[in-house]
Amino acid sequence: MENVYALRGATTVDFDSVKDVDDAVKELMDELYQKNGLTDEDIAFIHFSQTVDIKSQNAAASFRKTGKGASVPLFCTQEAEISGALERVIRVLVLVNHEKRCTANMVYLRKAVKLRPDLVN
């Protein structure tokens, strides 16, 4: 029997540049894959979101550059503008489909640790 569950994570960039977005997405996804023992075959889809102040690069496009997720459906949306919200944030939701349920290790990096300090380990 297969088990479907979600992994979450987030990171931030200091500057809105293609390089900063590429580097942040790579770091976030490398850690999510490593901490959860993921392969592309384990993933049903990945949904990225980014705050409105990130305009230089689409996070899903940054992920494609890493060489991972070649056959994984990706989607990226813009988050709603919320007064006082953390700036330059990239979030990810990964739908996992493993043969057996594994411990879900969420990953929050850089300034995004403020979003869910209860999930940072």
Using alpha-carbon coordinates, inclination of helix 18-36 to the longest axis of the chain, degrees: 30 degrees
Rounded to 5, the percent of DSSP beta bridges in the chain classed as antiparallel: 70 percent
Reach of residue 68 by Cα under 15 Å, taken over aspartates and glutamates that are not fewer than 8 positions away in the same chain: 22, 23, 27, 30, 31, 40, 41, 42
Give me the base-10 log of I(q)/I(0) for segment 1-72 at each q in 0.18, 0.21 Å⁻¹, Debye formula, one uniform scatterer per Cα, rounded to two decimals. -0.70, -0.92
Among 97, 62, 113, which residue has its Cα positioned farthest towards the positive end of the charge dipole of the chain, with +1 placed on the Cβ of Lys and Arg, -1 on the Cβ of Asp and Glu, and the dipole taken about the Cα centre? 113
Rounded percent of accessible protein surface that carbon and sulfur make up, segment 1-108, 1.4 Å probe: 52 percent
Over the Cα atoms of the chain the radius of gyration and the largest Cα-Cα distance (Dmax), both in Å, equal 13.8, 44
Ignoring ligands, DNA and RNA, what accessible area per residue does the chain give at 1.4 Å, in Å²? 55 Å²
Relative contact order, percent, of the chain when contacts are C-alpha pairs under 8 Å separated by at least 6 residues? 44 percent
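The values are calculated or read from the model by the stated rules, or taken from the named source; none is laboratory data. Note that this is a predicted model, so its numbers are computed, not measured. Counting neighbours? That spans all protein chains shown, and the Cβs are built from the backbone with ideal geometry, glycine included. Side chains are part of the model used for accessible areas, which takes the heavy atoms of the whole protein and leaves out ligands, DNA and RNA. Shrake-Rupley method; radii C 1.70, N 1.55, O 1.52, S 1.80 Å.
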